[in-house]
Amino acid sequence: MSITVLLADDEPVIRDCLRVILEDQPGIRVVAEAGDGAEAVALARRLRPDVCLVDVQMPGLDGIQVTAALAGPDVRAPLRVVVVTTFDLDAYVYGALRGGAVGFVLKDAGPDLLVEAVRAAHAGDALISPQVTLRLLRQLTAEAKPKSRVPARPLSERETEVVRAVAKGRTNREIGTELGISLSTVKGHVAAVQAKLGVRNRVEITAWAWEHRLVST
């Protein structure tokens, strides 16, 4: 089965480039394109693609608003949104991730990272361009309250190991290899961690790990 992707960017040339990059990869198929935010939301809700690749700056609804509409905390059946932008600005990064995005990629990061972000989103992972990851997590740590998000139930030793691996950017498959457990077991641990912490995705798990000093630079 192909990973279906919706592209949202107000520049036709950029959409063409993104389409060529993605469809050159096995198992990825672009099913729709949108030139503005409102069109992106309408198409995504109708077609429900596996991944929505959304530019930050678009007329009408911008990429942050599109992300919130498709993946925000009040969305009953959220879609997986990866935000793509030319601009490495904190406001964009925070807005996208707080709106429910599972990825944030700079356009100049290269085609390999773009493809990896789409595959990661489809697999339930999250990917942020390396250029912004460290700064983002430092900022989240600095802003964190001393006792934020205390788990309703304590994490097990294995769940803590999984949290550390997620915070280091490991994929589920890499975590399984590293810890000597199956892929389905890793997914089960990640789901259990999300439930205990009350978070929605791996980005929020990572933020929690940094807030509670489970990982460091």
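Residues whose amide H falls under 5 Å from that of F104, counting only those 5 or more places apart or on a different chain, are V83, L127, I128, S129, with hydrogens built in the peptide plane.
Quantify, in whole percent, the carbon and sulfur part of the accessible surface of the chain (1.4 Å probe; protein heavy atoms only). Ligands and nucleic acids excluded, carbon and sulfur give 52 percent. Pairwise Cα distances in segment 157-212 exceed 18 Å in 20 percent of cases. Around N172, with a cut-off of 12 angstrom between Cβ atoms, what is the net charge of the other residues, counting Lys and Arg +1 and Asp and Glu -1? Around N172, the surrounding residues sum to +2.
Here's how it looks for V30: its modeled amide H is under 5 Å from those of V5, which are all 5 or more places away or on a different chain. Per-residue ellipticity at 222 nm from helix content only, as computed over the chain with -39500 (n - 2.57) for each DSSP H run of at least four residues, stands at -15500 deg cm²/dmol. For segment 1-61 versus segment 72-122, the spacing of their alpha-carbon centroids is 13 Å. The protection proxy used here, the mean number of other Cβ atoms lying within 10 Å of each residue, ranks peptides 162-174, 21-33, 197-209, 106-118 as follows, highest first: 197-209, 162-174, 106-118, 21-33. The mean accessible area for residues of the chain, using a 1.4 Å probe and ignoring ligands and nucleic acids, is 49 Å² per residue. The number of Lys pairs in the chain with C-alpha atoms less than 29 Å apart, excluding pairs fewer than 8 positions apart on the same chain, is 10.
Using 0.36 nm per residue and subtracting the Cα-Cα separation, the extra length available between A195 and R29 on full extension is 56.6 nm. Across the chain, the convex hull enclosing all Cα atoms gives 122 Å³ per residue.
For V75, no residue whose modelled amide H falls within less than 5 Å of its own remains once neighbours fewer than 5 places apart on the same chain are excluded. For L179 and L214, a Förster radius of 22 Å and the Cβ-Cβ distance give a FRET efficiency of 0.90, rounded to the nearest 0.05.
The values are calculated or read from the model by the stated rules, or taken from the named source; none is laboratory data. Keep in mind the model is a prediction, meaning the values are calculated, not measured. Here the Cβ is made from the backbone with ideal geometry for all residues, glycine too, and neighbour counts use every protein chain on show. When the accessible area is computed, the model is the full protein with side chains, heavy atoms only, and any ligands, DNA or RNA have been set aside. Shrake-Rupley method; radii C 1.70, N 1.55, O 1.52, S 1.80 Å.
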